[in-house]
Structure formats: C-alpha cells, structure tokens
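Q: My structure is below; once you've seen it, I'll send some questions.
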Amino acid sequence: MSTARPPEGAHTAARQGGGSPIIAARPPEGAHTAARQGGGSPICAGLELRRLSAGYPRRSVLEGLDLEPVAPGTLVALVGPNAVGKSTLLKAIAGLSPVRGQVLLDGTDLATLSPRERLRRVGYLPQALPQATSLVAYEAMLSALRASRADLSRERAEAAIARVFAMLGLDALALRPLNELSGGQRQMIGLAQVLVRAPRLLLLDEPTSALDLRWQLQVLQTVRDQVGEAGTLAMIAVHDLNLALRFCDRIVVLGQGRVLAAGLPAEVLTPGLLRAAYGVRARIEHCSLGHPLVLADEAVSLNDDTP
C-alpha cells in the first residue's frame, strides 16, 4: 500500500488545560488537510482520539481520553507503569474491545468500517506470542497477508513476504516451523506478520519484550524506517524509556485513566513527570553519543512531595 511521505516539521507542541504538552499536528502541505467532507471541517490526516473510554465490563480503565491528531510519519511511544491501560488502549484502537468515543484515522471513524477494511488499515501485534504450531514461518506470513490483502496476486504476495523477511533479517527462519523457534524468534515472526500487510496504522504491544539487545535495536530501527519511508503511523507500548527516547518522535504517558502528558520525548520525560507517573527519583543524562538517558536513582512514594 503506498502512502504520501509526510512533510518535514509536521509536528508542533501544544498545551491542554493544566499545561501538559499534547501531540499536535501542523497541517501538512497538500491534499491531506485540504480535502473537505460535505463542506464542513477539513479532513485531518493521522490518528486522533476523542473522549475515548475503555476497560472491562465492571471496571473502567480509560475514561474520556483525548489525543490530538498525530501526523503521518510519526512513531509514538505509549508508556506508563503497569496496569495503566497501555494494552487496553491499543486493543480499543484496534477494535478488539468495546469502547465509547471516537478513534479517527485520516478523518474516518474506524467504528464505521467493516472488520475486513479495519484489518486492512490497522495492524495490531499483541503481547502474546504467535502459537507454536507446525506451520513454517513463511506459511504464517502468507496466511496473515491473505487475511487482509486478498487482492494481491501470488507474485506480489511472495515479493512482499521476501521483502519483510530481508528487512528484519529473518531469511534463515522462513522455512522453520514455529514450534521449533524460540520465544524471541516467534515474536519477530509476529511482527513480520503485521508489517507484511503494510497497514496505515501499526499498533505494537511491547514488541521487544522477548528480544535481546541486538534485536530490540533491530526492531525499533526497522519500524522507525518503515514509518518514515511510507508516511504511516505507529504506536508502540514499551517499558524501556531509553528506547522510547532514542527512536520515537512522540511519547504519550498514561496514568490515572488518562493522558498525563504527551509530546516530544525529551520535553515530556522530566524528573517531575517520572516521579508523578512512576514513583521514582530520576535524572535525564546524555551519553557520549549525545543520546538522552533516563537514570532512576530510587523508588519513592507517589504521595511524597520531597524534591
């Protein structure tokens, strides 16, 4: 699927209510925002959440969550402590759990789409690893591609699969049964199943949790490159704040059922925010290569106001 390359400098920081930075998009040049629907407001390219509520039948996890439009070509880190709703939010956007509110992708409410069309536009990778079946990795990839892109010819499907295997460095696994792969290898095949479909929006729930250091870097660099080259969007739930700082364009911090802060990673991840969100006394330093690093010194009470 081909998409327009995002314009340079398409993102700006904004403020909401009490002053927390939020993600905002500077209108890109061209047709993305120029189009109008029924003579009304401009259609906004990218992802936007409006008053989104989600959770379980007897317990709400997210309540009235808003996210300003995230422009195409953006890699977003979704962070926060355990049980704040990162996975819940990704499932809600993917249409896998009941929600109230709106999820807009390029101006379209995803709830209005058929399941097949939503599957085509949105790729979701859960935390759970692909099942250890007797299918070889190539067959698992072809099955995933056929589920959303039945229009592709055999030749184009094979070319897409070969490209993703090469891109992720997984050629050696193509003819290996899934039940002979390690957990980390199966996680990589799961990611490949999502990438080969070339969706408009990638939703990745802790895609590096089973990976060693090399493969963590490989995965995030590959996703970073794909988002930039294709002008798509990706939202990644991740616990490693240093990976988020290094690879992601924007960061969204969840807590207390809402967005605590969102914006440029280097601006959002401050000692004060880390204390409020995680209950740690932390510093932001820079390594010899200039990359910012979060260094957590000690755990503190979330109610402790001591500086």
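The values are calculated or read from the model by the stated rules, or taken from the named source; none is laboratory data. Owing to the predicted nature of the structure, the values given are computational and were not obtained by experimental measurement. Note: ideal-geometry Cβ built from the backbone for every residue, glycine included; neighbour counts use all protein chains shown. Ligands, DNA and RNA are excluded from the accessible area calculation, which covers all protein heavy atoms including side chains. Shrake-Rupley method; radii C 1.70, N 1.55, O 1.52, S 1.80 Å.
Q: What figure, in Å² to the nearest 10, do you get for the accessible area of ASP212 with a 1.4 Å probe and non-protein molecules left out?
A: Approximately 90 Å² for this residue.
Q: Then there is this: Go ahead and run the numbers for FRET between ARG100 and GLN127, Cβ-Cβ distance against an R0 of 30 Å, rounding to 0.05.
A: On the way: r = 24 Å, r/R0 = 0.80.
E(calc), rounded to 0.05, equals 0.80.
Q: Quick one: how many Å² of ASP225 are accessible to a 1.4 Å probe, rounded to 10?
A: Result for ASP225: roughly 70 Å² accessible.
Q: Length gain on complete extension for the stretch ARG59 to ASN242, per 0.36 nm per residue less the alpha carbon to alpha carbon distance?
A: 62.7 nm
Q: Here's something else I'd like to know. Can you check what the Kirkwood hydrodynamic radius comes to for region 202-267, Cα pairs only, in Å to one decimal?
A: 12.6 Å
Q: Region 224-307: Rg/Rh from Cα coordinates, Kirkwood Rh?
A: Details: Rg = 14.0 Å, Rh = 14.0 Å.
Expressed as Rg/Rh, it is 1.00.
Q: Excluding ligands and nucleic acids, what accessible area in Å² is computed for SER153 using a 1.4 Å probe, to the nearest 10?
A: The accessible area comes out at roughly 50 Å².
Q: Report the per residue volume, in Å³, of the convex hull enclosing the C-alpha atoms of region 252-297.
A: 59 Å³
Q: To the nearest 0.05, what FRET efficiency results for ALA174 and THR108 with a Förster distance of 41 Å applied to their C-beta separation?
A: So the FRET efficiency works out to roughly 0.70.
Q: For region 106-162 and region 192-238, what is the separation of their Cα centres, given in Å?
A: Result: 15 Å between the Cα centres.
Q: Any idea how far apart ALA276 and GLU139 come out in nm if each label point goes 7 Å out from Cα toward Cβ?
A: Once both label points are built, they end up 5.3 nm from each other.
Q: Calculate, in nm to one decimal, what ARG51 and GLU267 gain on full extension: separation in residues at 0.36 nm each, minus their alpha carbon distance.
A: On the way: separation 216, 0.36 × 216 = 77.76 nm, distance 2.46 nm.
Result for the pair: 75.3 nm of gain on full extension.
Q: Here's a follow-up. Counting only protein heavy atoms and a 1.4 Å probe, tell me what percentage of region 151-307's accessible area is made up of carbon and sulfur.
A: Details: 3610 of 6900 Å².
Its accessible area is 52 percent carbon and sulfur atoms.
Q: Sticking with the crude label model, points 7 Å out along Cα→Cβ, report the distance from MET167 to ARG258 in nm, one decimal please.
A: Those two pseudo-labels are separated by 3.8 nm.
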